[in-house]
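Structure record follows, encoded as structure tokens.
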Amino acid sequence: MIPAGVQSSAASSIAPSVGEELSKAMLSHGGVDGSISIQPIPNSASWFGFWPWSGQPPITLPEKTEAELIKEAAIARDANIASTPTIVPDAPENYQNPEQNPVSPDTVVNRSSWAYFFSLRSAHGARQITIDVQGEEIMDLDGDPDVPVDTPATGSMAPSVKGKSSAAPSGSASPIPKPRASSTGPAVKRNPPNPPLTDSESIRKKVVAGGKRSSSATPSKRSLPPPSAPKAPNMVLPTFEDTFYTLPRALPPHSRPTPLRKVGRIMSGVFGITNLGGPSTPAPSSEIREWQGRAGVHIPRDYENLRASREVGRDLPRVGEVLGIHDIGRIRDCKRVAILGVHGWFPGTIMRTLFGEPTGTSPKFASMMETAVLEFMEKQGIKLEKLTTMPLEGEGTIDRRVEKLYQDLLSRQDWVDDLHDADVVFVATHSQGSVVSTHLLEKLIADGHLRTSKNWEIVKTVAETSAGGIGMSIAPPQPPQRICCLALCGIHLGPLLYLGTSSIVNPYIQYFESAAARELFEFQDTESAISKKYLAALETVLDHGTKFVYVASLDDQVVPIYSGIFTAVNHPRILRALYIDGDAYSSSDFLSNLLVLLLRMRNAGIDDGGLITHLSEATAGSLSGIGHSTAYLDPGAYKLAVRFLFEASDALGEPPTLEFEPFTAKGSRNDYEIPWALRGLISDPRCQELFGKEIAELRNTFDSWQPKTSALKEVRRKLEPIRGRRSRL
């Protein structure tokens, strides 16, 4: 027997705990049938909620026997184990507290006190524990204004809980718990990348759209990493429109008016007689006018208000609409196309893990060019009679590869016939294959397998002589072929300098790689025998009317930009562009735009002052990167080559010659020339007239460029002159 006093004391001590267990059981399993019954709880659940002003009547429990209490406690424990999940909702919105807790307003005003830390989450609402689809508990802390709130996605799935009191009247939406962000702190806000330096509205919109981040559809957890920086799309800049629809190529070459022509123009303005002073600038097509209107490009008529830049780019190719010539690329006459694919250098097994696997790239180049040609012809409404792809593969040094590829091509008589019958010939190549393809084209032209404007008469004479010797009459020879070579990440000036001086890479190349790898470093000096031979072959191929498109990669880990675009040479038939990976652009958007502007100047016939060479080392990718092997996967470069061949004219004026400037990668370069060269370009009157808007746009984005690496920080300090003189106020 237990004494009465002791029994009463035991009952009073057991009652609160039993009451708590019973309240939890009734909350989770409100009935015997196991259905969940959600009961409203007071608005205040903190420790001071037990005082009379909390608005709750005192809880009185009837005295029960010890056996009843033990039985109810056991039932409550079993019910709690079986009930999952446990949801404690907030107080209903229509709940009216008779008296407000006087401590609550004080906790909001005096947030710096220690009581605010303990009472915040309980004084402003009940805790809510939910279980997500992955089985992880997520605690919702209502009332904490410092906890960021994510907007839930529309239509997101959430587990429903069935209960007697959870049924809402028709027409009213049940409240959905708001997912909370991680309580470790607010997410770091990342600025979207600046728009690229191009007049193409479609590319600018893609970059801006890529910088916008959508809200998360699920609550963020502490284990998740911080949000990554917004990624821009991959781009090949400058675009065809940036080069040919803007100055100086948007106007025909300037011609100095004679005194008689000046008088004729004056009379034409007075009497309204057209073309009295000679032919004026042809009106651009509707497509060009529409693009210029969207891009906000204003082209003056007859070089009005242009003084310093009138003589810039006189011999550069133009589109037919600017010259007043319809179908300048003879697109309607193109019936047969031949495409040659030439792969680059194949490294050893160890180096392939660093530079990527190049196997099968020749068919890939030919296939990508084939797609670009077919898309262009479909847009023009032309159906080709035949398109032949000729992937050529073979490893070794440059001379060995040229001879092997040439013999492999001649061994396929069907390829030889298609090459002879083709109206247009494309060559798509990569890395070391750029040099190999140039030598291969020279050999094909010299042997008469390719018809050009210079060897056409010789080929015609040989054909007529051969046919006349056997008493046969032959059909008139076909007109000269149009040839274009797309060189991606070409190794024209050798690989990156530090690869030859690295204590890790250099010994491997010297002792483990083949002679073909060591040969590549000889291109770093244009005075070497292999470079002189390459320059001679390039000059020959250019003189025969072949067009070249040089595309470098921004984050190339093997070939620097100055080597990929071959800055040491200059010729009107050479077009340059830069492949920009979206990740590389997002991390260095200002530097990318500066390089694009320098390429636009080079394409306009203005020297960059050596800035591209100085900036190339800072943009090199890491050895474990893939920048060298991703440029040929983007269709933009292939489309640029197709349009350059079909839509642009040949070099204007007298037959141009190849301009060459000696270069050596090991030569001492003073990086402090960067501010002087940059300032010289900015103050050049030609650049101000042709690229004033682009320079101003680039200047406005300089302050938002915050590089992370020490090399880029040093480059930023040297590029300060682009900001110009600013008021100290």
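The values are calculated or read from the model by the stated rules, or taken from the named source; none is laboratory data. Just so it is clear, the model here is predicted, and its values are computed rather than measured. Note: ideal-geometry Cβ built from the backbone for every residue, glycine included; neighbour counts use all protein chains shown. Please note that ligands, DNA and RNA were not included when accessible areas were found on the heavy atoms of the full protein model with its side chains. Shrake-Rupley method; radii C 1.70, N 1.55, O 1.52, S 1.80 Å.
The set of residues in the stretch 679-729 being at pLDDT below 90, of a type outside the set (Val, Ile, Thr), open to solvent by less than 30 Å² (accessible area, probe 1.4 Å) and assigned to a helix (DSSP H, G or I) consists of Leu712 alone.
Note on the stretch 575-668: enclosed helices (runs of 4 or more DSSP H) holding 1 or more residues that are over 27 Å from Asn194 (Cβ atoms) and at pLDDT 95 or above are 635-647. All conditions but one from (1) touching a helix residue (DSSP H, G or I) at 6+ places or on another chain (Cβ under 9 Å); (2) aliphatic (A, V, I, L, M); (3) modelled with pLDDT of 95 or more apply to Ala422; the one that does not is (1). Screening Glu395 on (1) in a helix (DSSP H, G or I); (2) open to solvent by 10 Å² or more (accessible area, probe 1.4 Å) shows it passes everything except condition (1).
Taking residues in the stretch 320-339 that are at positive phi, and partners anywhere that are part of a helix (DSSP H, G or I), the pairs with Cβ atoms closer than 8 Å and at least 6 places apart or on different chains are Asp327/Gly320.
Within the stretch 560-574, restricting attention to residues that are polar (S, T, N, Q) and not in a helix (DSSP H, G or I), which residue is most open to solvent (accessible area, probe 1.4 Å)? Only one residue fits best here, namely Asn570. Pairs are defined by a Cβ separation below 6 Å, a sequence spacing of at least 6 or placement on different chains, a first member in the stretch 651-677 that is surrounded by 15 or more Cβ atoms within 10 Å (Cβ to Cβ), and a second member that is among the acidic types (Asp, Glu) and assigned to a loop (DSSP other than H, G, I, E, B); the pairs so defined are Ala651/Asp315; Leu652/Asp315; Pro656/Asp315.
In the stretch 579-602, the residues that are over 17 Å from Glu697 (Cα atoms) form Cβ pairs under 6 Å with partners that are at pLDDT 85 or above and assigned to a strand (DSSP E or B), at six or more places apart or across chains, as follows: Tyr579/Val236; Tyr579/Val551; Tyr579/Ser553; Ile580/Met235; Arg602/Arg576. Looking at this structure, is Phe644 touching a residue at least 60 places away in the same chain (Cβ under 8 Å) and either closer than 30 Å to Met377 by Cβ or surrounded by 17 or more Cβ atoms within 10 Å (Cβ to Cβ) (or both)? So Phe644 fits the description; yes.
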